[in-house]
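Heads up: the structure comes next, in structure tokens.
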């Protein structure tokens, strides 16, 4: 058996667009007709440029390969063009292709991927959701502590035991910076209002996007500590974990990071420095399932836990589930609300979600398949990036 064909789908994510503007799915097919699905989480180039990159990489390294030769293909792609470093775009492309190879391998063996990568440790997986506005509420929801507190209470009533929010303000190409007093006070107010709304029924996950200098993040953390968040996410940019380690040493709040990092090499540095104790691997960017398993092993050796990141489509979500099912140091899984909406529609069978928990599938492979009719009916024709930062410095004053 060998991989014979690669097809890429750039799928527009219709309103409300939670999870990003589009999803990039990869379909690999073997010479005997087994189909494997993957997803690439890449925001550094336009999606149609990325699709061409995927096709080029597949033609060079994947077509003709045994789908179970995952280590060999991984090393060849990682070393492409005499690179051999964590190139975030190349590794994202590799992640989607590797994911699809695992899907094929599981289907050929008649087993879910989790059964081939260590076996099931968890019967069900704790999940959290970001707080999203209801239809018609508008973007000002994200700065409104009272409406966010209402949304948090609703999420807890649905069974969620943790909720994430990021009220600190916009992030820009000119960060890191010191938080303004407006941002400090708004963030503290959010934490207090949400803690009052959910009590001890749910953990608070305080998100930022690498906006702050280490000293600024420490100032922020001191405001948040009385509400005892489960984590302070990406308080400084990802490029200097030495700075993030300063924050980790200065606060009692666990530091979480990883969504913008790729491969075991970058995460090993984070762990060795003690920069974070919660690792947020995104399986569409970090290097794929096997690489994420290695990262989880490194984390385990440092008494750190993993909390797979998801701000993309449900195929990455399915891969996250396969990984989390096998990991002794799994903490919590990111979901986008209850995996419904377009995240459910784009799959032939939605991910199984039960009152704040995800139930790992028992079907062979990843346990999901993209509904190609839906994918073809929602092509993304724009050229915007999946996520973008503010192009100018962010200033907030009274």
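The values are calculated or read from the model by the stated rules, or taken from the named source; none is laboratory data. Computed from a predicted model, the values in this text were never measured in an experiment. Ideal geometry is used to build each Cβ from the backbone, glycine not excepted, and the neighbour counts take in all protein chains shown.
Couple of notes before you dig in:
- Among the residues listed as 202, 155, 170, 162, the single one being modelled with pLDDT under 95 and touching a strand residue (DSSP E or B) at 6+ places or on another chain (Cβ under 6 Å): 170
- For residue 273, the criteria (1) closer than 17 Å to residue 329 by Cα; (2) surrounded by fewer than 20 Cβ atoms within 10 Å (Cβ to Cβ) hold in every case but one, which is (1).
- Selection status of residue 229, touching a residue at least 24 places away in the same chain (Cβ under 8 Å), crowded, with 21+ Cβ neighbours inside 10 Å and closer than 26 Å to residue 157 by Cβ: yes
- Selection of region 263-287 for residues being more than 12 Å from the chain's Cα centre (by Cα) and part of a loop (DSSP other than H, G, I, E, B) yields 273, 274, 275, 276, 277, 287.
- Across region 112-131, the number of residues qualifying as crowded, with 17+ Cβ neighbours inside 10 Å and either in contact with a strand residue (DSSP E or B) (Cβ under 8 Å, 6 or more places away or on another chain) or touching a residue at least 60 places away in the same chain (Cβ under 8 Å) (or both) comes to 12.
- Among the residues here, residue 396 qualifies as loosely packed, with under 15 Cβ neighbours inside 10 Å, touching a residue at least 12 places away in the same chain (Cβ under 8 Å), assigned to a loop (DSSP other than H, G, I, E, B) and touching a helix residue (DSSP H, G or I) at 6+ places or on another chain (Cβ under 8 Å).
- Scanning region 7-45 for residues that are farther than 26 Å from residue 135 by Cβ and either in the same structural domain as residue 131 (by TED's automatic domain parsing) or free of Cβ contacts under 8 Å to residues at least 12 places away in the same chain (or both) returns a single hit, 33.
- Of note, residue 89 does not satisfy the criterion of being surrounded by 14 or more Cβ atoms within 10 Å (Cβ to Cβ), under 16 Å from residue 363 (Cβ atoms) and touching a helix residue (DSSP H, G or I) at 6+ places or on another chain (Cβ under 9 Å).
- The set of residues in region 292-320 being in contact (Cβ under 8 Å) with a residue 40 or more places away in the chain, crowded, with 24+ Cβ neighbours inside 10 Å and farther than 18 Å from residue 18 by Cβ consists of 307, 319.
- Taking the conditions (1) at pLDDT below 95; (2) touching a helix residue (DSSP H, G or I) at 6+ places or on another chain (Cβ under 6 Å) in turn, residue 34 satisfies each one other than (1).
- For residue 245, the requirement of being assigned to a helix (DSSP H, G or I) and within 30 Å of residue 374 (Cα to Cα) is not met.
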